[in-house]
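A.B. asks: Got a structure for you, written out below as structure tokens; questions coming shortly.
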Amino acid sequence: VMARDNGTPTGSLGLPDGSAGVLGQVYEIPSYCYISSATFLLRNPVEGDSVNVDLYTYGGLPDVVVSSTPYYVITAADSDGVVITLPFNGGPFAASAGVYFLGVNQTNANITLGTSSFNWRADAAYFQFAGGAWQTVESNTSPFIICYLLRMNMQDPSISVAEIGNNKFQVYPNPASSQLTVQILEGNSDFGVELY
């Protein structure tokens, strides 16, 4: 798990109601891995609204979306301080070492993320109104010296294809606790999987 916070929210930051936009931050991945999901803490979510997360490349600013999570619809059970984890579509994203950006999308109602000043770094947390320019939180008219309670969850690609044999599929992570992925590496889908 990559995080800039210590798990204790000390504030919150969001975009105004009725505004689409993105709240997110930068992460540097030191080596090849699978980015499996994103976890974030919401303050005062609005029932019926929806939220998802995009994974971007980063070259000084968020650039190209390389993977996305499905949309999650806020329920009545999602009270203030709810922590939500969303997996990326199509399974974990195979990421080379480098810098990436996670952006939480606000579609309409206010999506407010929990914040912390615990591990603030300049030019790491951003916001964007739909169609507008990316802005760092500290460059706002009223500067915010915060990081979001937003985490990038990764899986270690510790099983190699050679260990499984015949280079036809991969199984990861190992060990697994709640999710196991079987990925076909060749066009042949004529096989079965049994889990004991």
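None of the figures in this text is laboratory data; all of them are computed from the coordinates on show. Source: prediction; values computed, not measured. Cβ coordinates were reconstructed from backbone atoms using ideal geometry, including for glycine residues, and neighbour counts include every protein chain displayed.
A.B. asks: Among residues other than L113 whose Cβ falls under 13 Å from its Cβ, what is the net charge (Lys/Arg +1, Asp/Glu -1)?
C.D. replies: On the way: positive: R4, R43, R151; negative: D5, D80.
Here the charged neighbours net out to +1.
A.B. asks: At each listed q (0.16 Å⁻¹), what is the log10 of I(q)/I(0) that the Debye formula gives for the range 1-151 modelled as equal alpha-carbon point scatterers?
C.D. replies: -0.83
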